[in-house]
Structure formats: C-alpha cells, structure tokens
C-alpha cells in the first residue's frame, strides 16, 4: 500500500481519459488514485485531439454532448479523498496554428487557476494526453512526467504531424518518460532525459476474488454457456470486427459477449444469434461480468497501434484465472504457456474450443500467481523511486 508517511507530493495530471465517462482501470487514473494518499491530485480530463468529423453522424453528436456535459461540471471532487477532477474548455484545433496557440494559452490559464484554488505550489505535472503538451511545459512544476502509453500519433482522426511534435516536445522536456510497451521503450528511450519501462498493474484482489462473491449480473444470467468474452472499447483501430464475425460463425454453439462502448458499425455482429453486445459497465462491475466468461479473448487488429500497446485487461484476465485466446502482439511474449495465440479465425476458433474443455484448477492458480505481485500499488512505488533518483 502507498503509505501516508511517504514524502508528500502534489500532482496535476493531464489524463488520457474522462473521469466521468471512461473506465477507471487505465494507468493514469489508477496511479493518481494512489498518489492522492500522498497529497493533492488534480486530474484534468482528456483534451480532445481528434478533429471534428460531422460525417460520423450520431456518434459525433454523442461525443460532443458528452464532452460539453463534462466541461459543464467544472472542478469537482472525484469522490476520492484529496483528488479533484477538472474538465477544461478546449477545442480540437491542433491542426490550425493560430487557433492552437490561443487554445493552449486558454488551457494553461484554466489550469493555473485550478492550481491556485487547490493551493498547489509547483506540483509534479503528469501528461498522459499529448494534446496538453504545450500548456503543460509552461506550467510551474517541480518535475514533468510523460506517460507514453500508446502511439497517439496513430490514433484515428488526429493531425499526425502535430501530435508527433507534441510527442517530441514532451520527450525532450520531461524529467521522466514512462513506457508501457517494451519495444516502444527500446526504440525511443535514448530520445529522453530518463525513461523507464513500466508494465501495467492490476487490481489483483478485486479480480482474483470476484468469483467468491455470489453476485452475478442479470444480463449474464440470461446468456447461454459457454461464454467467450471481451470488455473494453470497441473501435476500428483496435478490434478486428471481421475476425470476430468469422469466429462467431465457426463457434455458433458458443456465446460471444462484447462489453463496452462502440464507435463502429456492428451490424455484421448483431445479425449473429450467438453474439451479445452489452453497454459499457462501471469499472467496479467489470470483474463480476468477466468472472462469467468461460474464455477471455483479445481479437486485435494487426497494426502499429496494437504493436505499441499493452492492454490493461491482459493482467485482469490473468488475475481472474481464465483461459485467454488472443491475436499476436509483442507484450504477450513474456506469458508464453499461459495464453493461446492465434492469427486467423480457424486457429482462433480451435483454440477457443480447446480452452472451453479445460478443467485444470492448477492452470487457474498458475495464471493468477503470474500477476499476483503486479499490483497498482507496486507500480506507483516504482514511479516514485524513479522520480526520487532524478536530481
């Protein structure tokens, strides 16, 4: 546990997520929840980097409505002691030079006002969303931390050149750059003053002990077993929808459950009788949905975004003790023997059937032991140690 006897710190975190709407399992939120035990934390909800795209229709309007509702909340307590959440007003004009400069000035002024209201004196500034780069580097801070969780420049709808500039600025100015993908760390570590590879953590006890609680969500009670399940964002740049459709056809006797918000057309899946699409669930409920899976899966796209990823759900799946089938990506290499890897629908379906027949309590224990000590508390301490070593 993070001890309150440790050195007091204050942090302004430009998060990669919106506290009010996104899953709380991501690294920036998990670490900030723990650092709030050591001082004040201001969590700044994600700065929109994607360009306006009205061609997205209803999805575009939903995003705008959600963001406006978040901004309207202003600065509010998070519900966690010493942690405050703020949704600044900013515009996705990163591709327009003059507008971008005005936007960054406005953002910096808003954050300075929040810092003053919270009586923070030169806090640590933590950037998980590169869209905040130009504002963040001009704030008063004791140390600057850049959380390089993904190749953000590969995110759909962004100005690639400008996001790369943000990334370069942060790597140049940050006292510490945190990488969650080992290959990306290997490629870029020498571009930074100091860089560390920090594998994702897991709320181990929450996931490992979920099966001990009798509660089962009503939605899951109505779904026939066996269940092949996934939870998380359902987006074109992450999930291979065609692969899922083919798997559903090959596994017509197995229920396929996808839990999460979707930004893509899923009509190819909704037409399958064995596919169940459930809405996004609060983070606290995820373990209770996932404990109902017989097999967990990760049907990723094979692209640069996935090549640089390290999904938090991987360790959560392992903490549940469930069999896992995934398409290949580098971060799986250290879990050989614990995860079935398949590249095409035929081998994927075969691996799922094999996993459904599994009945070995020792394998469950082996998976859980593999991540037992990879807690978010341990990760939070690792970052503090790295920061302490910086003069």
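The values are calculated or read from the model by the stated rules, or taken from the named source; none is laboratory data. Just so it is clear, the structure is predicted and the values come from calculations on it, not from any experiment. So basically every Cβ, Gly included, is an ideal-geometry build from the backbone, and we count neighbours across all protein chains shown.
When you check residue 316 against the structure, is it in the same structural domain as residue 303 (by TED's automatic domain parsing), surrounded by 15 or more Cβ atoms within 10 Å (Cβ to Cβ) and more than 21 Å from residue 294 (Cα to Cα), yes or no? Break it down into steps so the answer makes sense when it comes.
Working: in the same structural domain as residue 303 (by TED's automatic domain parsing): yes; surrounded by 15 or more Cβ atoms within 10 Å (Cβ to Cβ): yes; more than 21 Å from residue 294 (Cα to Cα): no.
For residue 316, the condition - in the same structural domain as residue 303 (by TED's automatic domain parsing), surrounded by 15 or more Cβ atoms within 10 Å (Cβ to Cβ) and more than 21 Å from residue 294 (Cα to Cα) - is not met.
Pull up the range 118-157, narrow it to residues that are part of a loop (DSSP other than H, G, I, E, B) and within 18 Å of the chain's Cα centre (by Cα), then point me to the one that is surrounded by the fewest Cβ atoms within 10 Å (Cβ to Cβ).
Initially, the range 118-157 is screened for residues part of a loop (DSSP other than H, G, I, E, B), giving 118-123, 128-129, 137-143, 149-151, 155-157.
Right, trim to within 18 Å of the chain's Cα centre (by Cα) and you get 128-129, 149-151, 155-156.
Working: 128: 27, 129: 23, 149: 23, 150: 20, 151: 19, 155: 16, 156: 12.
Per the stated criteria, the residue is 156.
Given the criterion under 27 Å from residue 156 (Cβ atoms), at pLDDT 95 or above and crowded, with 18+ Cβ neighbours inside 10 Å, identify the matching residue among 293, 297. Lay out the reasoning, then the answer.
Numbers: 293 fails: under 27 Å from residue 156 (Cβ atoms).
Exactly one of 293, 297 is under 27 Å from residue 156 (Cβ atoms), at pLDDT 95 or above and crowded, with 18+ Cβ neighbours inside 10 Å, namely 297.
Being in a helix (DSSP H, G or I) and under 19 Å from residue 243 (Cα atoms), is that true of even one residue in the range 282-305? Steps first, answer last, please.
We begin by selecting, within the range 282-305, every residue in a helix (DSSP H, G or I); these are 283-290, 304-305.
Remaining after also requiring under 19 Å from residue 243 (Cα atoms): 304-305.
Yes, there is a match, as at least one residue in the range 282-305 is in a helix (DSSP H, G or I) and under 19 Å from residue 243 (Cα atoms).
Looking at (1) modelled with pLDDT under 95; (2) more than 26 Å from residue 181 (Cα to Cα); (3) buried (at least 20 other Cβ atoms within 10 Å of the Cβ), can you tell me which one residue 306 breaks?
For residue 306, the exception is condition (2).
Kindly indicate the residue of the range 173-196 that is under 15 Å from residue 151 (Cβ atoms) and part of a loop (DSSP other than H, G, I, E, B) and also farthest from the chain's Cα centre (by Cα) among those meeting that condition.
Looking at residues that are under 15 Å from residue 151 (Cβ atoms) and part of a loop (DSSP other than H, G, I, E, B), I get 181.
Quick check, is residue 246 in a helix (DSSP H, G or I), touching a residue at least 24 places away in the same chain (Cβ under 8 Å) and either out of contact with any helix residue (DSSP H, G or I) (no Cβ under 9 Å at 6 or more places or on another chain) or closer than 30 Å to residue 169 by Cα (or both)?
Details: in a helix (DSSP H, G or I): yes; touching a residue at least 24 places away in the same chain (Cβ under 8 Å): yes; either out of contact with any helix residue (DSSP H, G or I) (no Cβ under 9 Å at 6 or more places or on another chain) or closer than 30 Å to residue 169 by Cα (or both): no.
So residue 246 fails the test.
Being part of a loop (DSSP other than H, G, I, E, B) and more than 25 Å from the chain's Cα centre (by Cα) narrows it down to one residue among 310, 391; which is it? Please lay out each step first, then the result.
On the way: 310 fails: more than 25 Å from the chain's Cα centre (by Cα).
The match here is 391.
Conditions (1) at pLDDT 95 or above; (2) touching a strand residue (DSSP E or B) at 6+ places or on another chain (Cβ under 9 Å); (3) in the same structural domain as residue 97 (by TED's automatic domain parsing), marked per residue:
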{"position": "159", "(1), (2), (3)": "no, no, yes"}
{"position": "162", "(1), (2), (3)": "no, no, yes"}
{"position": "168", "(1), (2), (3)": "yes, no, yes"}
{"position": "192", "(1), (2), (3)": "yes, yes, yes"}
{"position": "209", "(1), (2), (3)": "yes, no, no"}
{"position": "219", "(1), (2), (3)": "yes, yes, no"}
{"position": "226", "(1), (2), (3)": "yes, yes, no"}
{"position": "239", "(1), (2), (3)": "yes, yes, no"}
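Scanning the range 199-216 for residues that are within 21 Å of residue 331 (Cα to Cα) and surrounded by 21 or more Cβ atoms within 10 Å (Cβ to Cβ), which turns out nearest to the chain's Cα centre (by Cα)? Outline the logic, then answer.
Initial filter on the range 199-216 (within 21 Å of residue 331 (Cα to Cα)): 199-204, 207.
Then drop every residue that is not surrounded by 21 or more Cβ atoms within 10 Å (Cβ to Cβ), which leaves 200-204, 207.
Values: 200: 10, 201: 11, 202: 12, 203: 14, 204: 16, 207: 17 Å.
Per the stated criteria, the residue is 200.
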